[in-house]
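Just so it is clear, none of the values below were taken in a lab; they were calculated from the coordinates. Everything quoted here is computed from the prediction, not taken from an experiment. Positions of Cβ are backbone-derived with ideal geometry, glycine not excepted, and every protein chain shown enters the neighbour counts.
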There are 2 protein chains.
Amino acid sequence: MRYITSMAQIIDGKAIAAEIRAELRKDVEAFKATGHREPHLTAILVGNDQASETYVRMKMNAAQDVGISSETRRLPATTSEHELLDIIDTLNKDESVDGILVQLPVPDHMNERKVCNAIVCEKDVDGFNVFNVGRMCLDMKSMIPATPLGVIELLKRAGIDTFGKNAVVVGRSKNVSMPIAMLMHADGRNETGAMDATVTICHRFTPPKELAKYCSMADIIITATGVPGLITKEMVKPGACVIDVGITRITDPNTGKTKLVGDVDFEEVRQVAGYITPVPGGVGPMTVAMLMHNTFTAAKNLAKINKS
Amino acid sequence: MRYITSMAQIIDGKAIAAEIRAELRKDVEAFKATGHREPHLTAILVGNDQASETYVRMKMNAAQDVGISSETRRLPATTSEHELLDIIDTLNKDESVDGILVQLPVPDHMNERKVCNAIVCEKDVDGFNVFNVGRMCLDMKSMIPATPLGVIELLKRAGIDTFGKNAVVVGRSKNVSMPIAMLMHADGRNETGAMDATVTICHRFTPPKELAKYCSMADIIITATGVPGLITKEMVKPGACVIDVGITRITDPNTGKTKLVGDVDFEEVRQVAGYITPVPGGVGPMTVAMLMHNTFTAAKNLAKINKS
């Protein structure tokens, strides 16, 4: 074995997610002990996408784990948008349902935006409703999408200082990168409790040389592009914190087997970074844990609304 | 007079705003010629703030100039929030009103957010309704606040290239800086027609040294802080474009007279920048012009809705 002067601390997303789930389990137990019914999450899965099947199954398992009851509504790929909206409307009005999510992507004949907006804000545990997006961007309490919320929670629990630090967000997707950029730069005194970092948003049209320059100035790099190997050792400041949100399935040319990789050249970057998340086992488990967090939040809020 | 090797081109916001107003005047004329009534803007002014009085008067003059009829509703500072919301509700339903704005700030006993959200999205010419904010942040067609829209229009009409360029936005206010950062970095192929720049958001907690570093890498600096003299010559890359959104009234210690200044040390920075906006006469007139643009857009949209 080579002598290695310094290696990044690996931020164990699986362990942090397990900790959050254990806390939730306790809190849900206490909630039920005061006479409330079990929180309930309904997932809607349209069509037979394999990846979507897997994601939904992981969410349902996590729900069971923390004491949230759940149901998956499976709809054929031929379901019309109108039928889906009707089902959402029924769930919106159903007092036994706290959280609703439609697993994306929906089939091409549906307007994804219309579907996301159809879920009432209070039950919108994915935080994709335009009204929740607006509230988040105005630093107001809202449902924050689970992956961005997971990234922020990961930074907090790993003790990464962000106040006045330089951060780079690579990617500009509306469900992941944009909320991360918003929560990273905004004012910590407001309702979202944001992170007060200086934030640079890089994306597909950022020239590679400029991306490297911004990354090399960053105390925190958060990448969410789905481009394997995008973030290399040369781009990372010694000691920086690197959060890898990317997940891509690739085939190993030697073994022919497939595996999941992130945007970061993990083996190289860990030699210079101070902190790094692995893929898998980094942000992924956090997403599922924060979705449970959101569902429990929805249940608590609805219990208050129904009582008053 | 000293010999000067190069001086920034001054982006004449007053001239560009006049051009936009001339175009609007023509378009409004054509709109009326096809049988539509005059577009109508109602401004609500609560209390006796001098600056607010001036701003509203400028808006009303601009409206008259382009052929938009307008009215200012003056309410005493003692008006209750409930009364104000009632008035807004009446205006929302009034088919002779296309645009509604409440001049901010409202008195302390009112919830500004509640007031902004009370204006229906279609008539929300300031773009402060949370639903319009959400749509803008998702790159969807919406009412975009007049100052950010004015900054973007200024860059477009001055022919400043932003695609893949480095931009810095200094400030993180929700009505000005945040929308600018959103429109500067987002995807030009979407409905907002955004600018595809790499964007760094700096703010009060960005250390001065880091602010200087980010600014010196920028092809475009947009500052909106209200801190006079914040952006100095040393921070600006030769040839960069500097857009000054700041407006602060200061007293000249020599003459005792007051004058308006921006965030940029204009006399110094113009010696290195390629393009620069003056204060006054830069972004200010654009705000008023874009408010008229938004009012006319509202009138056209409502005419379509009422027809169908």
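Quick look at the values:
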item	result
Cβ-vector label at 7 Å, A:Asp65, separations to other copies in nm	6.2
Highest-MSF residue in chain B out of B:Asn294, B:Asn129, B:Asn111 [GNM, Cα springs under 10 Å]	B:Asn111
Nearest-20 debye value, chain A charge dipole, Cβ charges on Lys, Arg, Asp, Glu	400
Excluding exposed DSSP-loop trypsin sites (Lys or Arg not before Pro) (at most 11 other C-beta within 10 Å), longest clean stretch of chain B	B:3-188
Other-chain or far-sequence residues with amide H under 5 Å of A:Gln9's (modelled H)	A:Tyr275, A:Ile276
Axis-nearest residue in chain B [Cβ, rotation onto A], distance in whole Å	B:Gly134, 1
For chain A, built as a Gaussian network whose Cα springs stay under 10 Å, the top-fluctuating residue of A:Ile87, A:Ile144, A:Ile231	A:Ile87
Average partner coverage of B:127-134, which counts Cβ from other chains inside 10 Å	5
For B:Val170, B:Val102, B:Val97, order by how many other beta-carbon atoms lie within 10 Å, fewest first	B:Val97, B:Val102, B:Val170
Net charge of Cβ neighbours under 12 Å - reference B:Leu138; Lys, Arg +1; Asp, Glu -1	+1
Number of partner chain Cβ atoms within 10 Å, mean per residue of B:111-117	1
Chain A: most fluctuating residue of A:Asp244, A:Asp263, A:Asp161 per GNM, C-alpha cutoff 10 Å	A:Asp161
Under Karplus coefficients 6.51, -1.76 and 1.60, residue-wise ³J(HN,Hα) of region A:25-35 in Hz, glycine/proline x	4, 4, 5, 5, 4, 5, 4, 5, 5, 8, x
Check: region B:145-283 dipole with +1 on Lys, Arg Cβ and -1 on Asp, Glu Cβ, in debye	220
Distances in nm from A:Asp89 to the matching label points in the other copies, shortest first (labels 7 Å along Cα to Cβ)	2.6
DSSP beta bridge pairing in chain A, given as percent antiparallel to the nearest 5	10
DSSP-defined antiparallel bridges as percent of all bridges, region A:145-283, nearest 5	20
Only Lys, Arg (+1) and Asp, Glu (-1) charged, at Cβ; the protein assembly as shown dipole about Cα centre in debye	680
Long-range HN-HN contacts of B:Ile221 with modeled amide H, under 5 Å	B:Val168, B:Cys241, B:Val242, B:Ile243
Peptide B:175-187, shielding by other chains (average Cβ, 10 Å cutoff)	3
Signed unit charges on C-beta, dipole axis of region B:86-162, positive-most listed residue B:Met143, B:His109, B:Asn92	B:Met143
Amide hydrogen neighbours beyond the local backbone of B:Arg73, cut-off 5 Å, H modeled	B:Ala43, B:Ile44, B:Leu45
Per-residue ³J(HN,Hα) for region B:45-57, Karplus 6.51 cos²θ - 1.76 cosθ + 1.60, θ = phi - 60°, Hz, x for Gly and Pro	10, 9, x, 10, 4, 5, 4, 4, 3, 4, 4, 5, 4
Pseudo-label separations to other copies for A:Ala18 - Cα-to-Cβ vector, 7 Å, nm	7.2
Vicinal HN-Hα couplings computed from phi for region B:81-97 (Karplus, 6.51 cos²θ - 1.76 cosθ + 1.60; Hz; Gly/Pro x)	4, 4, 4, 4, 5, 5, 5, 4, 4, 5, 5, 4, 8, 6, 5, 8, 10
Subset of A:Lys165/B:Lys141; B:Lys26/B:Lys174; A:Lys93/A:Lys123 violating a 22 Å alpha-carbon distance limit	A:Lys165/B:Lys141; B:Lys26/B:Lys174
Region B:1-105: GluC sites (Glu not before Pro) in DSSP coil with no more than 13 other Cβ atoms inside 10 Å	B:Glu95
Distance from region B:183-244 to region B:109-136 (C-alpha centre basis), Å	27
Beta bridge orientation in the protein assembly as shown: antiparallel %, DSSP, nearest 5	15
